[in-house]
């Protein structure tokens, strides 16, 4: 038996002997101040390393290698000596998370793993897709966004555009639109039938507070199938806010009955995206009972977004707008 094999066997034996009780790596206080994505990382760490001992001893190293989970500092058994008084950090770099505890200003345990939603959520794509509606409905009520236009650009009729980034094309972006009140010296989101495109962009960016439309969703699931359901637009915005999704919006087509738009909701922390093709009635600004018809493809891995975007948006885009 090689020295490496002996070390691996000893590591597994030590971890098995130390893992007789449930592993708690993070205190309630630490969880309370953590971001939503960091709580998911914390849940993953405890779930993964509590479940690992149930794997056959000879497959624990293979399991970790297959999941691309490894220790940069420390070893498996050291996790049972982690204390909530130790300084710790969670960092994301190049689509990998690094969770580190320090002891006396030196790295004690450093665990590295990929920022993959299926790994971190503990479910395969098929299960995540099936539970997506449930995930949306479980999201808490969002706080009203602070209106602070950045990188302002003056458009026609006193409309001001704020844009910070775009996806592939400048016309597919995170732009929002405002009117400036000189008396109150404040900005208000633009929402007027004169510009359906600007108004729809503000709607999906969550700036229209009293917009409680319904969304009829035709959602793709594993196996080339679809499921249909209805949720409120407010529930969708709650979900986007809780999960920290960045919204990119662009008009695919201007139609007699309104707009057809493409929306990509990006989660850079977990490296997935949701893609929505939305039909928006021309009366949506004045008719609050309007139903938004959505074709939804959830949980697209970040590295697949470019090819899907080119297929769904670039090849079918009828107009270009700024």
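Of note:
- Qualifying residue in segment 189-204 (condition: more than 17 Å from residue 280 (Cβ to Cβ) and in the same structural domain as residue 131 (by TED's automatic domain parsing)): no
- Which listed residue is in a helix (DSSP H, G or I), modelled with pLDDT under 95 and in contact with a helix residue (DSSP H, G or I) (Cβ under 9 Å, 6 or more places away or on another chain), from 23, 10, 52: 52
- Per-region count, segment 98-111, residues modelled with pLDDT under 95 and under 21 Å from residue 122 (Cβ atoms): 0
- Residue within segment 262-274 that is at positive phi and either surrounded by 18 or more Cβ atoms within 10 Å (Cβ to Cβ) or in a loop (DSSP other than H, G, I, E, B) (or both) present: yes
- Restricting segment 63-97 to residues that are assigned to a loop (DSSP other than H, G, I, E, B) and on the phi < 0 side of the Ramachandran plot leaves a set whose member that is modelled with the highest pLDDT is 69.
- Criterion (under 24 Å from the mean Cα position of the chain (by Cα) and not in a helix (DSSP H, G or I)) met by exactly one of 235, 254, 219: 219
The values are calculated or read from the model by the stated rules, or taken from the named source; none is laboratory data. Keep in mind that what you see is a predicted model, and the values were worked out from it rather than measured. Positions of Cβ are generated from backbone atoms using ideal geometry, with glycine treated the same way; all protein chains shown enter the neighbour counts.
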